[in-house]
1. Rounded to a whole number, what % of the accessible area of the chain do carbon and sulfur atoms account for, probe 1.4 Å?
2. Loop-only check: which GluC sites (Glu not before Pro) in the range 78-177 are DSSP coil with at most 10 other Cβ within 10 angstrom?
3. When the Karplus curve 6.51 cos²θ - 1.76 cosθ + 1.60 is applied with θ = phi - 60°, which whole-Hz ³J(HN,Hα) does each residue of the range 57-64 get, with x for Gly and Pro?
4. If each residue of separation counts as 0.36 nm, what is the full-extension length gain between Glu62 and Ala180 once their alpha-carbon separation is subtracted?
5. Leaving out same-chain residues fewer than 8 places away, which aspartates and glutamates sit with a Cα under 16 Å from that of Lys55?
6. Which entry in [x] 1.03; [y] 1.10; [z] 0.99 is this structure's computed Cα Rg over 2.2 N^0.38 Å?
7. Set the Förster distance to 45 Å, then compute FRET efficiency between Leu202 and Gln80 from the Cβ-Cβ distance, nearest 0.05.
8. Can you list the residues, at least 5 places off or on another chain, whose amide H is less than 5 Å from the amide H of Asn243, using H built in the peptide plane?
Amino acid sequence: MSETKKIKKCALVTGGSRGIGRAVCVQLAQDHDYHLLINYNSNEEAAVETLRQVKEAGGSGEIIQFNVVDAPGVKNALSQWEDHNEHAMVEVIINNAGITKDGLFMWMKPEDWSDVINTSLNGFFNVTNHFIQKLLVNKYGRIVNMVSVSGLKGTPGQTNYSAAKGAVIAATKALAQEVAKRNVTVNAVAPGFIKTDMTSALDEKELKRMIPANRFGEAEEVAHVVSFLVSRKSSYITGETININGGIYS
């Protein structure tokens, strides 16, 4: 009789090549035994660097290229990966991919609206929908959606981004109720101002005056929250949006 091959448990991080996504990949490598699937869209060099840091942290992983907006592309990339990894199971999905195209609503171009909505909201659907049935059959899973303080309170100049993240928060609450009986949790993490490429153009000195903690957050601080939500210790938390914003909004 052939020995049953052990299932390789995996965690997929979309937009895992830089910023918060990279910090999450490295933290998961330190805290968990998951094989990491580091998704990137265009910056392969950054994804390779994330993989190097994951291995340096004692984890294992690989990079996987697709654009979360492209539904057929997502399906094709993930199906191909599954075909080549029949003894693997994606248990954890971190929907982190997102973009900003800021501007006042009255001057906003239609593509700046749709590109931002498509990346966060349709990206969440395309990736999560591919795996959800498998998670339910598996009777265990962790889905963490990266949202934003903008999706909770709204941010002027970010009507598109606020709409996108607000929609993902609502989807998080609804999906959590659908899948909770099968030990699949769905939560969101809502960062405020975090030091990343996305916030590098902002005036930190000026903005930190609005923040009770009087500073921008670090990507690693967000990653610790995600790592907890991915763990079995968080089994009774679902449908929640966890704020990590230095007290700017609650």
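1. Numbers: 6500 of 12830 Å².
So the carbon and sulfur contribution to the accessible surface is 51 percent.
2. Working: sites: Glu82, Glu86, Glu91, Glu111; in loops: Glu86.
Those satisfying the criteria are Glu86.
3. Ordered by residue, 3J(HN,Hα) equals 7, x, x, 10, x, 7, 9, 9 Hz.
4. On the way: separation 118, 0.36 × 118 = 42.48 nm, distance 2.95 nm.
Working it through step by step, the gained length comes to 39.5 nm.
5. Counting by Cα, and skipping residues close in sequence, Lys55 has these aspartates and glutamates nearby: Asp31, Asp33, Glu45.
6. Evaluating Cα Rg over 2.2 N^0.38 Å on these atoms matches [z].
7. Details: r = 39 Å, r/R0 = 0.86.
Between Leu202 and Gln80 the formula returns 0.70.
8. For Asn243, the qualifying residues are Ala190.
The values are calculated or read from the model by the stated rules, or taken from the named source; none is laboratory data. Predicted model only: the values in this text are computed from it and were never measured. Glycine gets a Cβ as well: all are built from the backbone with ideal geometry, and neighbour counts include every protein chain shown. With ligands, DNA and RNA removed, areas are computed over all heavy atoms of the protein, side chains included. Shrake-Rupley method; radii C 1.70, N 1.55, O 1.52, S 1.80 Å.
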